[in-house]
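Enquirer: Below are the structure tokens for one structure; questions will follow.
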Amino acid sequence: MSGMASGDGVMSEPPRAVMWTIAQIVARGQDGSQPNVSKMVGRLVEKHGLEVERGPNGKIRAVNIAHYDQLRGRYGDPSKRQVQEREPQRPAAESYDEALRVRAWIDAENKKIDLALRKGLLTPTAQVRAGTEEAFGVIAALIDRLPNSADDLAAATAREGVHGLRVMLKKIASRMRADVATALQSVFEAAPESDEINDIEGADVGS
């Protein structure tokens, strides 16, 4: 299952009744049409790490409804929501006791997610992806500067042979490590404390 990046396994394995199909989400009557729900699920999976279950063909088979509602509340378009949301309709085969257990699990899991986000124990996957890409760019730019040291390497080799070359390479490596550490620290300090709403539409997802 896909999900948020966590340092301490905040999200536990959900009960089966919490994993809903696209059709079940549509049936509760507060999320719009099936294409709209599929698009929202795809967007939340891609940009915010919505927890889903995939079939052998890689298509999304079920969605963690608690995680979906939590992310939809944060990133969904308020203008497209109904003014009064109805209580989700439970599958017919679900018992009353199971419904109570699922509701308790959803409430507890949402509280854990919110608390973990506030404590910085969870990082939205979109934010992790953006930070990683920026870090890769910084490191690549520093590596690309290595040819600028060709003259220094040649001079060291001419003066002291292999020993001089080895000493110069160690100096360059030490300088590059320091430059990488400084650059990554700048990236970390510039990173936002919370991710912003991303309006890019996700791909359609099959039910």
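Enquirer: Within the range 55-66, is even one residue in a helix (DSSP H, G or I), at pLDDT 85 or above and surrounded by 12 or more Cβ atoms within 10 Å (Cβ to Cβ)?
Expert: Here is the first cut: in the range 55-66, the ones in a helix (DSSP H, G or I) are 65-66.
Restricting the remaining residues to those that are at pLDDT 85 or above gives 65.
Remaining after also requiring surrounded by 12 or more Cβ atoms within 10 Å (Cβ to Cβ): 65.
Yes, that holds for at least one residue.
Enquirer: Just one of Val180, Val128 is out of contact with any helix residue (DSSP H, G or I) (no Cβ under 9 Å at 6 or more places or on another chain) and surrounded by 13 or more Cβ atoms within 10 Å (Cβ to Cβ); which is it? Reasoning before the result, please.
Expert: Numbers: Val180 fails: out of contact with any helix residue (DSSP H, G or I) (no Cβ under 9 Å at 6 or more places or on another chain).
The conditions single out Val128.
Enquirer: State the number of residues belonging to the range 95-142 that are among the small types (Gly, Ala, Ser) and assigned to a loop (DSSP other than H, G, I, E, B).
Expert: Filtering the range 95-142 for residues among the small types (Gly, Ala, Ser) gives 95, 99, 104, 108, 116, 120, 126, 130-131, 135, 137, 140-141.
Next, from what is left, pick out any that are assigned to a loop (DSSP other than H, G, I, E, B): 95, 120.
Here the count works out to 2.
Enquirer: Name every residue in the range 3-53 that is of a type in the set (D, E, K, R), closer than 20 Å to Glu109 by Cα, surrounded by fewer than 19 Cβ atoms within 10 Å (Cβ to Cβ) and modelled with pLDDT of 85 or more, in order of residue number.
Expert: Glu53
Enquirer: Please enumerate the residues belonging to the range 31-58 that are of a type in the set (D, E, K, R) and within 11 Å of Thr21 (Cβ to Cβ). If you could, list the steps in order and put the result at the bottom.
Expert: Within the range 31-58, the subset of a type in the set (D, E, K, R) is 31, 39, 43, 46-47, 51, 53-54.
Listed by number, the list holds a single entry, Glu53.
Enquirer: Looking at the range 145-153, can you tell me whether even one residue there is loosely packed, with under 13 Cβ neighbours inside 10 Å, in the same structural domain as Tyr68 (by TED's automatic domain parsing) and outside any loop (DSSP other than H, G, I, E, B)?
Expert: Looking for residues that are loosely packed, with under 13 Cβ neighbours inside 10 Å, in the same structural domain as Tyr68 (by TED's automatic domain parsing) and outside any loop (DSSP other than H, G, I, E, B), one finds none in the range 145-153, hence no.
Enquirer: So Phe188 ticks every box in (1) more than 18 Å from the chain's Cα centre (by Cα); (2) loosely packed, with under 12 Cβ neighbours inside 10 Å; (3) at pLDDT below 80 but one. Which box is left unticked?
Expert: (1)
Enquirer: Read through the list (1) within 22 Å of Gln127 (Cβ to Cβ); (2) at pLDDT 75 or above, then give the number of the only condition that Gly76 fails.
Expert: Among (1) within 22 Å of Gln127 (Cβ to Cβ); (2) at pLDDT 75 or above, Gly76 violates only (2).
Enquirer: Now for a different question. Restricting attention to the range 113-136, does a residue exist that is over 19 Å from the mean Cα position of the chain (by Cα) and at pLDDT 75 or above? It would help to see each step written out before you state the result.
Expert: Our first condition is that a residue be over 19 Å from the mean Cα position of the chain (by Cα); within the range 113-136, this holds for none.
There is no residue in the range 113-136 that is over 19 Å from the mean Cα position of the chain (by Cα) and at pLDDT 75 or above.
The values are calculated or read from the model by the stated rules, or taken from the named source; none is laboratory data. On a predicted model such as this, the values are computed, not experimentally measured, just so you know. Don't worry about glycine lacking a Cβ; one is built from the backbone with ideal geometry, like all the others, and counts go over all protein chains shown.
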